[in-house]
Amino acid sequence: MNKAILTGRLTKEPEARYSQGANQTCIASWTLAVDRKIKREGQPTADFIRCQAFGKSAEFVSKYFHKGMKMDVSGRIQTSSYTNKDGQTVYATDVICEEVEFGESKSASQTNAPQTAPQTAPQSAPQSAPANDGFSNSDDGFMNVPDDMEGLPFD
């Protein structure tokens, strides 16, 4: 079985391109910094793993993920080789991602993101108060569902 599951942070913005031909497919590439569980003095504390996604997953990554965000991926390990312009064979190992998910909430991601310049609040029109439908938003960006909610499929 060839299955890889990783959680890490993007080291830079994902790169997206489209294949040539009649059926153009989005191809996204990025590198994840994955922390090592055991840290030894003088050794790296993280591994930098190249990842790729194709199609809708690639479009999702290129649109919603940015440098520093935490990402969960699962897929398969694929090795390849090519001959460079100097005639040397270069070997590469990538994770071909079949599933891609956010590794943390939006608010946690923004807290961990590097700040490059002071941010100012965008000017927008006043918004009306949200309807009181029994739901409330928590600080972690997820909606709290009341305990007495009826008819949920997983009760």
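The values are calculated or read from the model by the stated rules, or taken from the named source; none is laboratory data. Small disclaimer: the values here were computed from a predicted structure and weren't measured. Cβ coordinates were reconstructed from backbone atoms using ideal geometry, including for glycine residues, and neighbour counts include every protein chain displayed.
Filtered by the rule that a residue be under 12 Å from the mean Cα position of the chain (by Cα) and over 19 Å from Ala108 (Cα atoms), region 23-38 gives Ala28, Ser29, Trp30, Thr31.
For region 61-72, give me each residue that is touching a helix residue (DSSP H, G or I) at 6+ places or on another chain (Cβ under 9 Å) and either assigned to a strand (DSSP E or B) or not hydrophobic (A, V, I, L, M, F, W, C) (or both). Show your work before the answer.
From region 61-72, those touching a helix residue (DSSP H, G or I) at 6+ places or on another chain (Cβ under 9 Å) are 66, 68-71; that's our starting set.
Result: His66, Gly68, Lys70, Met71.
Here Ser136 meets the list (1) of a type outside the set (Asp, Glu); (2) at pLDDT 60 or above; (3) out of contact with any helix residue (DSSP H, G or I) (no Cβ under 9 Å at 6 or more places or on another chain) almost entirely, failing just condition (2).
Here is a yes/no grid of residues against (1) touching a His at 6+ places or on another chain (Cβ under 7 Å); (2) over 24 Å from Asn23 (Cα atoms); (3) not β-branched (Val, Ile, Thr):
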| position | (1), (2), (3) |
| --- | --- |
| Glu41 | no, yes, yes |
| Thr45 | no, yes, no |
| Ile49 | no, yes, no |
| Ser62 | no, no, yes |
| Phe65 | no, yes, yes |
| Gly75 | no, no, yes |
| Asn84 | no, yes, yes |
| Thr93 | no, yes, no |
| Gly103 | no, yes, yes |
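Listed residues Ala46, Ala22; which is more than 21 Å from Gly103 (Cβ to Cβ) and at pLDDT below 95? Full working, then the answer.
Numbers: Ala46 fails: more than 21 Å from Gly103 (Cβ to Cβ).
Exactly one residue qualifies, and that residue is Ala22.
Taking the stated definitions as given, is Cys26 free of Cβ contacts under 8 Å to residues at least 40 places away in the same chain and of a type in the set (A, V, I, L, M, F, W, C)? Even if it seems obvious, please write down each step before you answer.
Values: free of Cβ contacts under 8 Å to residues at least 40 places away in the same chain: yes; of a type in the set (A, V, I, L, M, F, W, C): yes.
Here the answer is yes, as Cys26 does meet what is asked.
Residues in region 43-63 that are of a type in the set (Lys, Arg) and out of contact with any Ser or Thr (no Cβ under 9 Å at 6 or more places or on another chain): 2 in all. Going through (1) part of a strand (DSSP E or B); (2) out of contact with any helix residue (DSSP H, G or I) (no Cβ under 9 Å at 6 or more places or on another chain); (3) of a type in the set (A, V, I, L, M) one by one, Ala108 falls short only on (1).
Condition check ((1) at pLDDT below 95; (2) in a loop (DSSP other than H, G, I, E, B); (3) not acidic (Asp, Glu)) across all residues:
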position: Thr31; (1), (2), (3): no, no, yes
position: Arg50; (1), (2), (3): no, no, yes
position: Glu59; (1), (2), (3): no, no, no
position: Asp86; (1), (2), (3): no, yes, no
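Scanning region 35-68 for residues that are buried (at least 16 other Cβ atoms within 10 Å of the Cβ) and either β-branched (Val, Ile, Thr) or touching a Leu at 6+ places or on another chain (Cβ under 7 Å) (or both) returns Ile49, Cys51, Val61, Phe65, Gly68.
If you take the residues in region 80-103 that are more than 22 Å from the chain's Cα centre (by Cα) and hydroxyl-bearing (Ser, Thr, Tyr), which one is farthest from Lys56 (Cα to Cα)? Full working, then the answer.
Residues of region 80-103 more than 22 Å from the chain's Cα centre (by Cα): 80-91.
From the residues that got through so far, the ones that are hydroxyl-bearing (Ser, Thr, Tyr) too are 80-83, 89, 91.
On the way: Ser80: 23, Ser81: 26, Tyr82: 27, Thr83: 30, Thr89: 32, Tyr91: 27 Å.
Here the residue is Thr89.
Inclusion of Gln20 among residues that are of a type outside the set (D, E, K, R) and either more than 13 Å from the chain's Cα centre (by Cα) or not in a strand (DSSP E or B) (or both) is warranted.
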